[in-house]
Amino acid sequence: MRRFYFFFLLITGFVLTGCLPAEEHHSLQTELDFSNSEIQAVQTAIEKRNFNKQLDLLRSSNPNIRLLTLRSIASNTNGVIIDSIASYVNDEVDAVRHMAVFALGQTRDQQAVPYLIQAFQKDSLDFITKKHALEAVGKTGDIELLKYVAGVTTYQISDTALLIGQTRSIYQFMLRNLTDTLGHARMNSILEDQEYPSAARFMAATYFGRLRNVNLDKYSTTFSQALKDEDPNIRMFAALAFKNVNRSEYSNTILSALRADLDDRVKINLIRALDKSDYKVVKPTLLDIMPSSTQSLQVSIAQYLKQFGTGADMNTYNKLARGDYPAEVRAICYAASLKNIGRRYTDYKDRVVDSLRLELRKTDDRFEKAFFISALGEYPSQYPRLARYMSTDEEPIIRSTAMAALASIRSMPNLKRLEGDKYERTIRKFDGIIRSAFTGGDPAVIAIAAGLIRNPKLDFKERIRSTNFIEEARANLKSPEHLETIIEIEKTLAYLNGSEEKSIQHEFVNGANYGILTRFNSNPKALITVDNKKIELELYSLVAPVSVSNFIQLAEDDFFDGKVFHRVVPNFVIQGGCPRGDGYGSLNYTIPTEVGLINYDRAGRLGMASAGTDTECSQFFITHSPTPHLDGRYTIFGQVTKGLEFVQEISTAAVIQDVVIFE
């Protein structure tokens with residue numbers, strides 16, 4: 001293998017140069033016709049994920065069939081024999097080659113590396129194939145190969161495809177927790193030089209923004225300069241890079257950028273980068289900008305106050321909680337009070353609880369109630385009240401929120417100190433609460449409880465002597481409606497029993513609806529109305545035909561009307577389409593995962609939420625910003641074309657009024 005690496009480095013460094021295109025186009029896909037019976041038969045066959053059948057289809061003389069089949073293999077690599085697909089990296093059609101290389105990377109198997117290196121070496125192959133080969137190496141190679149890839153510094157600024165491939169490769173290595181100082185240095189050299197292609201510089205910024213537990217002090221000057229970049233995507237990830245800068249003087253750099261930047265997404269990341277800063281230095285700026293900020297930014301500020309605040313500021317948090325802010329923001333401020341008030345001040349904590357109880361009585365909105373119930377999870381004495389909400393409330397969102405709050409209390413690292421002499425009694429009570437969570441039958445409550453049990457710091461392996469109650473809960477769940485909970489239970493049983501996790505075999509996988517696909521052109525449109533604001537999307541039926549036809553069917557059945565965006569993570573995603581409204585709901589079918597060469601490289605991507613490969617159903621999300629860590633894992637089936645600013649404004653529990661499909 002080392003001989004391969006040496007030759008790989010040689011070819012990379014000295015042969016592949018030249019002006020290369022930044023974008024690629026798969027013209028073959030425009031020829032797909034879902035009214036064609038042959039294409040329908042192929043699509044139906046590949047949805048069944050039978051690898052032997054897929055091998056037969058790969059032998060087709062029709063390149064569209066080879067392309068569709070390789071895309072299916074890339075979406076679900078279970079049972080894939082690498083040798084069987086490797087030859088297609090030499091396919092005569094560019095689009096097929098690109099997909100074959102992508103599929104090899106998706107296996108995440110080191111056995112694919114020699115084939116990827118050979119594809120990179122071959123002079124007759126196009127540079128886009130080589131770009132994909134570089135990225136695929138990042139998904140499959142070892143630390144030595146990372147050093148070879150990162151050590152190449154001979155690419156010219158005009159070598160766009162190779163630079164993008166190199167940076168995406170180093171990024172993929174990092175996602176697998178494989179990093180090296182050579183990688184840091186190469187990414188820094190690309191980020192600091194504005195002459196490099198913006199897509200490569202963006203990947204370098206993203207790399208630094210996602211690195212964890214690495215001291216990046218030596219690159220802090222580069223990050224400071226990147227905070228002034230014209231591209232907000234570079235600024236927002238350069239902001240996150242400061243999480244790994246330990247020099248205290250950079251707190252002022254972050255705060256200055258926070259006051260100056262006009263993009264809320266950048267500001268949100270700047271706040272996230274303040275975790276090592278002096279709270280007393282940071283607080284005045286955050287409190288100053290909070291009243292005039294958008295709700296997403298207010299949520300981020302409140303979360304910072306909760307995480308890093310002090311008991312000395314409990315009056316400040318309570319004043320904010322009673323202020324003119326949305327319920328979500330006020331609830332986090334109440335939580336900040338409960339979390340940061342010292343153990344001795346129980347009377348003060350009880351007054352905060354009284355305020356929360358009053359808030360709960362004043363509102364009939366189930367989501368506002370859920371916000372305030374969540375805040376109770378910062379005060380261990382409230383576990384009996386939370387247990388009642390979990391067991392008896394009629395609203396699913398209330399039950400699951402209460403269980404999440406209980407899990408938060410049980411997981412507190414300082415719970416023993418907070419409870420004092422009551423600790424052992426409290427723990428025994430929690431054992432009973434967890435058992436009742438399983439016997440109660442609510443799939444969301446069960447899933448959260450199952451995840452809690454797997455926390456190795458809580459010693460549930462010793463506390464749970466029989467798993468019968470867990471197995472009985474598993475037997476009462478239905479697949480695929482409760483597939484996410486079933487997966488959580490199987491993980492927990494494997495953890496408790498010290499065994500391998502049982503693979504889940506689920507049926508009811510729906511395929512593409514050809515009646516819908518042939519009614520529209522290759523890129524139908526969707527118009528989502530939320531709070532009387534319109535978000536227009538283009539749907540990619542050639543890229544993700546099952547996801548698109550499923551979305552259209554649900555929209556035409558008025559399924560989305562009245563549903564909410566139950567999950568909003570500032571500067572990440574808004575997620576909706578859950579029948580329960582808490583993220584744990586599904587319907588009586590699943591659809592296959594459909595990933596390909598379109599990336600989460602921009603804001604406004606429309607993706608399918610998933611609990612694992614081929615578990616998608618009705619839940620979808622729209623991104624606030626580029627999210628390349630989702631590439632190759634989550635289906636992309638559309639793009640916001642109008643109203644992206646409204647996506648940024650949507651808050652948790654915003655109601656979907658209507659989804660209309662048109663051409």
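One residue alone among 91, 159, 126 is touching a helix residue (DSSP H, G or I) at 6+ places or on another chain (Cβ under 9 Å), within 20 Å of residue 199 (Cβ to Cβ), surrounded by 20 or more Cβ atoms within 10 Å (Cβ to Cβ) and not small (Gly, Ala, Ser), and that residue is 159.
Selection of region 270-311 for residues being touching a residue at least 40 places away in the same chain (Cβ under 8 Å), over 24 Å from residue 212 (Cβ atoms) and β-branched (Val, Ile, Thr) yields only 294. The condition of being under 18 Å from residue 402 (Cα atoms), surrounded by fewer than 16 Cβ atoms within 10 Å (Cβ to Cβ) and of a type in the set (Ser, Thr, Tyr) holds for only one of 363, 294, 346, that being 363. The lone criterion from (1) of a type in the set (A, V, I, L, M, F, W, C); (2) closer than 28 Å to residue 125 by Cα; (3) modelled with pLDDT of 95 or more left unmet by residue 242 is number (2). Quick one: count up the residues across region 475-496 that are at pLDDT 95 or above, open to solvent by 70 Å² or more (accessible area, probe 1.4 Å) and more than 24 Å from the chain's Cα centre (by Cα). The total comes to 2. Somewhere in region 102-113, is a residue of a type outside the set (Val, Ile, Thr), farther than 30 Å from residue 509 by Cα and open to solvent by 10 Å² or more (accessible area, probe 1.4 Å)? Within region 102-113, one or more residues are of a type outside the set (Val, Ile, Thr), farther than 30 Å from residue 509 by Cα and open to solvent by 10 Å² or more (accessible area, probe 1.4 Å).
Do any helices (runs of 4 or more DSSP H) lying entirely in region 267-349 carry at least 2 residues that are closer than 21 Å to residue 251 by Cβ and either touching a Pro at 6+ places or on another chain (Cβ under 7 Å) or β-branched (Val, Ile, Thr) (or both), and which ones are they?
Ranges flagged: 279-289, 295-308.
Scanning region 444-495 for residues that are in contact with a Lys or Arg (Cβ under 9 Å, 6 or more places away or on another chain) and acidic (Asp, Glu) returns 488, 490.
Report the residue count in region 565-596 for those that are farther than 27 Å from residue 504 by Cα and buried (at least 21 other Cβ atoms within 10 Å of the Cβ). Talk me through it step by step, then tell me what you get.
Kept after step one, since they are farther than 27 Å from residue 504 by Cα, are these residues of region 565-596: 565, 568-574.
Now narrow it down to the ones that are buried (at least 21 other Cβ atoms within 10 Å of the Cβ): 565, 568, 570-571, 573-574.
Result for region 565-596: 6.
Given the structure, is residue 360 out of contact with any strand residue (DSSP E or B) (no Cβ under 7 Å at 6 or more places or on another chain), touching a residue at least 40 places away in the same chain (Cβ under 8 Å) and part of a helix (DSSP H, G or I)? Here the answer is no, as residue 360 does not meet what is asked.
The residue that is most open to solvent (accessible area, probe 1.4 Å), counting only those in region 170-184 that are closer than 17 Å to residue 209 by Cβ and part of a helix (DSSP H, G or I), is 175. Every condition in (1) more than 21 Å from residue 268 (Cβ to Cβ); (2) surrounded by 18 or more Cβ atoms within 10 Å (Cβ to Cβ); (3) of a type in the set (A, V, I, L, M, F, W, C) holds for residue 312 except the one numbered (2). Highlighted here are the helices (runs of 4 or more DSSP H) found entirely within region 454-552 that include at least 2 residues which are under 27 Å from residue 588 (Cβ atoms) and among the hydroxyl-bearing types (Ser, Thr, Tyr): 483-497, 514-519. Among the residues making up region 544-557, a single one is out of contact with any Ser or Thr (no Cβ under 9 Å at 6 or more places or on another chain) and without any contact (Cβ under 8 Å) to a residue 40 or more places away in the chain: 557. In region 257-286, of all residues being over 29 Å from the mean Cα position of the chain (by Cα) and surrounded by fewer than 15 Cβ atoms within 10 Å (Cβ to Cβ), the one that is nearest to residue 650 (Cα to Cα) corresponds to 284. Can you tell me which residue is farthest from residue 384 (Cα to Cα) among those in region 418-440 that are touching a residue at least 24 places away in the same chain (Cβ under 8 Å), open to solvent by 50 Å² or more (accessible area, probe 1.4 Å) and in a helix (DSSP H, G or I)? Here the answer is 439.
Residue-level check: of (1) closer than 27 Å to residue 119 by Cβ; (2) in contact with a helix residue (DSSP H, G or I) (Cβ under 6 Å, 6 or more places away or on another chain), residue 208 misses just (1). Being within 29 Å of residue 344 (Cβ to Cβ) and without any contact (Cβ under 8 Å) to a residue 24 or more places away in the chain, is that true of even one residue in region 366-378? No; the residues of region 366-378 include none that is within 29 Å of residue 344 (Cβ to Cβ) and without any contact (Cβ under 8 Å) to a residue 24 or more places away in the chain. Taking each residue of region 32-60 that is more than 21 Å from residue 90 (Cβ to Cβ) and open to solvent by 30 Å² or more (accessible area, probe 1.4 Å) and looking for partners that are part of a loop (DSSP other than H, G, I, E, B) and among the charged types (D, E, K, R) with beta-carbon atoms closer than 9 Å, six or more apart or interchain, yields 49/614. Residues that are open to solvent by 20 Å² or more (accessible area, probe 1.4 Å), closer than 23 Å to residue 330 by Cβ and either in a helix (DSSP H, G or I) or in contact with a Lys or Arg (Cβ under 8 Å, 6 or more places away or on another chain) (or both) do occur in region 408-417, at least one of them.
The values are calculated or read from the model by the stated rules, or taken from the named source; none is laboratory data. Not measured: the values here are computed from a predicted model. All Cβ positions, glycine included, derive from the backbone under ideal geometry; neighbour counts span all protein chains shown. For accessibility, only protein heavy atoms count, side chains too; no ligands or nucleic acids. Shrake-Rupley method; radii C 1.70, N 1.55, O 1.52, S 1.80 Å.
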